[in-house]
Structure formats: C-alpha cells, structure tokens
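Engineer: Take this structure, written in structure tokens, and hold onto it; I'll ask about it next.
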Amino acid sequence: MENKQKEKVWFITGSSRGFGKIWTEAALKRGDKVAATARNINSIATLKEMYGDQVLVLEVDVTNASQVQNAISEANRYFGRLDIVFNNAGYSLVGTIEESSTDEIKAMYETNIMGAIHIIQAALPILRAQGYGHILGTSSAVGIYSNPLIGYYCSSKFAFEAIYDSLSKEVATFGIKVTLIEPGAYSTEFSSAESLKIASKKIADYDDLKSNLIENLQKLERGNPIATPEAIFAVVDAENPPLRLLLGKNDLPYIQQTYAERLQEWETWKTVSEAAQG
C-alpha cells in the first residue's frame, strides 16, 4: 500500500545542526510534517515556535533504545503515520588506528551504528503495518572508501552501508524503501565539538602525516549544504528511489578510480585466489 497523501511525515534524528537542521527546516518549509529530534530539546525548541502543530520536537539520545522506542511511538501517535524515517545523528572520531582508545571507538559506534539500529528496529513494525515507508540514512562518501586519521569513522559508515544494503533486501516485499545519502565534503558544522571528537592519545610519529592531511583538507572544495534539500526531496518523492545517492560532484571520479584499482588487484591475484578453492 503506497501513501498517496501529498504531505509527508518525517522522523529525523540529529535535527539540531548540520544537514539534519537544514533538511528538517526544508521539509517544514515545503509543508511536510516533522518529528524533529535532538539530544538536547532546547536546541530545537524554536522549531515549535515557528511551525506549531506541523512539528513535534522530541529529546532523543539514539544510544538509549527505550527512549528511541518511546519517541517513534509518540511520533506515530501524534501524526497518525510515518512516511520517512531518517537516521542522521552521528559524529566523527579523528585519530589514527593506533591512537584511538577502545572507549572512544565504542562511544562513536554506539551513536553511529547502534543508534541507527535502534531507530530502524523501532520504526519497522509501524512501517510494515502501514505497508509503506522510506528509511533514509546519512552515510558518507567515506562509507565507500577509507581515509587515514578517520579510519574508525569510515569503518562506522562502512558498517552503516552494509546494514542498509541488507535492510533494503529484507523489507522490499513490505513496500518499504531504503536509501543511503552519501555526502562528500561540505561546509557544515561537522567540525564542531558535538560532531567531531579528537582521540586523546597523541603519537608524534604521525605528526607529518597529520600536517600533510590537514594541508590537503584546507584545499578541498566544499559543497554548500543549503543546496542539498532538493536532492533529498527528489529521492523521497521518487517512485523508485536509489539505494545510494552521492551528494556533491567531487567523489564519483575518485570512487570510480578506487573501484577500478580494487578490481585490478583482484584480477592480478586471481590465480592465487582460484588455487585456494581446492
């Protein structure tokens, strides 16, 4: 059963800043209804003042499964349905593989992976009962290739991509669509203290690598996040939305090169691989 109503009902995590804030406000401006969530409800309180009953603001820590369940249920009761469930909450951990501590890695995974799983598992019974729905998630271009210094963040997005890929195959028969949004480099608040944690341990041997990477990052052409809502709307309004959508123009050439190199390496070692078949 497809929802034919014109206005859409969104549930969005991480609505207080960055892409989440931009997409939440854009959806409201176009007349949709939004259950907007953030860890601190005060950070999104102005949405209620501006949009009234069109928006439901909820305090949600995605790492708290029971809080997530309550929020999803409350949003469904308030609006009567959920059309779009958008996993957007997440942050990056900056540090080499050697420098990052177990606790720092686990904390990031709790938000980036377990938080997303909590949302998906809470929403699916509602979407299955409806017979329609669209689960989106903010991944990253570095969910396709990995970079030094953010290896653990990249790994969380690799895992995020695998979960969404499997999910898309599991829920298609229920009328539920799944899309990964993969932004490249954008001028968002992603470098703020809430969006980016620095590994506490510092090893001097990596200083040259870090300074070179920082220098290259400063030269990087960054997209304008204000230009992204129309791409999101194109996806949620599409009859057959993609499983993956890159945001920005700079990553596809690099991804094409990355995949070509992987294929070439597998081909080069094909004889050894095939001999291992037994």
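Engineer: Please compute the modelled spin-label separation between residue 276 and residue 103, points set 7 Å along Cα→Cβ, answer in nm with one decimal.
Structural biologist: According to this spin-label approximation, the distance is 3.8 nm.
Engineer: Ok, one more. Working out 0.36 nm times the residue gap between residue 237 and residue 172, then minus their Cα-Cα distance, what length gain in nm do you get to one decimal? Walk me through the numbers on the way to the answer.
Structural biologist: Values: separation 65, 0.36 × 65 = 23.40 nm, distance 1.69 nm.
Taking residue 237 through residue 172 to full extension adds about 21.7 nm, to one decimal.
Engineer: Kirkwood hydrodynamic radius of region 4-86 from all distinct Cα pairs, in Å?
Structural biologist: Working: mean 1/r = 0.0805 Å⁻¹.
This gives a value of 12.4 Å.
Engineer: Using 0.36 nm per residue, how much length does the chain from residue 257 to residue 218 gain when fully extended, once their Cα-Cα distance is taken away?
Structural biologist: Details: separation 39, 0.36 × 39 = 14.04 nm, distance 2.25 nm.
Extra length from residue 257 to residue 218 when fully extended: 11.8 nm.
Engineer: Under a plain spin-label model, where a point goes 7 Å from the Cα along Cα-to-Cβ, how far apart in nm are residue 129 and residue 54?
Structural biologist: Taking the simple label geometry, residue 129 and residue 54 are separated by 2.8 nm.
Engineer: How much mean residue ellipticity at 222 nm does the chain get from its helices, if each DSSP H run of length 4 or more adds -39500 (n - 2.57) and you divide by all residues, to the nearest 500 deg cm²/dmol? The partial results should precede the final answer.
Structural biologist: Values: 10 runs with 125 residues, N = 278.
Result for the chain, helices only: -14000 deg cm²/dmol.
Engineer: Please give the per residue volume of the convex hull enclosing the alpha carbon atoms of region 149-273, rounded to a whole number of Å³. Show your work: numbers first, answer last.
Structural biologist: Values: hull volume 23.8 nm³, N = 125.
Output value, Cα hull per residue: 190 Å³.
Engineer: Along the Cα-to-Cβ line of residue 203, 7 Å from the Cα, sits a label point; which residues in region 137-165 have backbone N less than 20 Å from it?
Structural biologist: It comes to 146-156, nothing else.
Engineer: Additional query: Of the cross-linked pairs 157/201; 6/48; 33/249; 29/197, which ones have a Cα-Cα span greater than 28 Å in the structure shown? List each step's numbers first, then the result.
Structural biologist: Working: 157/201 23 Å; 6/48 22 Å; 33/249 30 Å; 29/197 32 Å.
Flagged as over cut-off: 33/249; 29/197.
Engineer: Using only the Cα atoms of region 73-154, what semi-axes does the equivalent ellipsoid have when each is the square root of 5 times a gyration tensor eigenvalue? Give whole Å, largest first. Can you show the working numbers first?
Structural biologist: Details: eigenvalues 205, 34, 14 Å².
So the equivalent ellipsoid measures 32, 13, 8 Å along its semi-axes.
Engineer: Let me ask something additional. Return one quarter of the surface area of the convex hull spanned by the alpha-carbon atoms of the chain, equal to its mean projected area, in nm². Don't skip to the end; give the middle numbers.
Structural biologist: Numbers: hull surface 68.8 nm².
Projected over every direction and averaged, the Cα hull of the chain covers 17.2 nm².
Engineer: Here's something else I'd like to know. Listed highest first by mean packing, meaning other Cβ atoms within 10 Å per residue, what order do 144-150, 156-162, 168-174, 260-266 come in?
Structural biologist: Details: 144-150: 17.3, 156-162: 19.6, 168-174: 13.0, 260-266: 10.3.
Highest-to-lowest ranking by the protection proxy: 156-162, 144-150, 168-174, 260-266.
Engineer: With a point put 7 Å past each Cα toward its Cβ, work out how far residue 42 is from residue 196 in nm, to one decimal.
Structural biologist: 2.5
Engineer: Then there's this: Please compute the per residue accessible area over the chain with all protein chains in place, 1.4 Å probe, rounded to a whole number of Å².
Structural biologist: Numbers: 14480 Å² over 278 residues.
Value returned for the chain: 52 Å² of accessible area per residue.
Engineer: Would you mind telling me the share, in percent, of accessible area of the chain contributed by carbon and sulfur at probe 1.4 angstrom?
Structural biologist: Roughly 53 percent of what the probe reaches on the chain is carbon or sulfur.
Engineer: I would also like to ask the following. Tell me, rounded to the nearest percent, the portion of alpha carbon pairs in region 94-204 spaced more than 23 Å apart.
Structural biologist: On the way: 2171 of 6105 pairs.
When all Cα pairs of region 94-204 are counted, 36 percent exceed 23 Å.
Engineer: Which order do peptides 49-55, 219-225 fall in by mean Cβ count within 10 Å, highest first? Mind dumping the intermediate values first?
Structural biologist: On the way: 49-55: 13.6, 219-225: 11.9.
My ranking of the peptides, most packed first, is 49-55, 219-225.
Engineer: Let me ask something additional. Express in nm, to one decimal, how much length is gained between residue 249 and residue 7 on full extension, taking 0.36 nm for each residue of separation and deducting their alpha carbon distance.
Structural biologist: On the way: separation 242, 0.36 × 242 = 87.12 nm, distance 2.97 nm.
Between residue 249 and residue 7, full extension yields 84.1 nm more.
Engineer: Nearest 20 debye, what's the magnitude of the dipole of the chain about its Cα centre given +1 on Lys and Arg Cβ and -1 on Asp and Glu Cβ?
Structural biologist: Dipole of the chain, to the nearest 20 debye: 760 debye.
The values are calculated or read from the model by the stated rules, or taken from the named source; none is laboratory data. Fair warning: this is a prediction, and the values are worked out from it, not measured in the lab. All Cβ positions, glycine included, derive from the backbone under ideal geometry; neighbour counts span all protein chains shown. Calculation scope for accessible area: heavy atoms of the full protein, side chains included, ligands and nucleic acids excluded. Shrake-Rupley method; radii C 1.70, N 1.55, O 1.52, S 1.80 Å.
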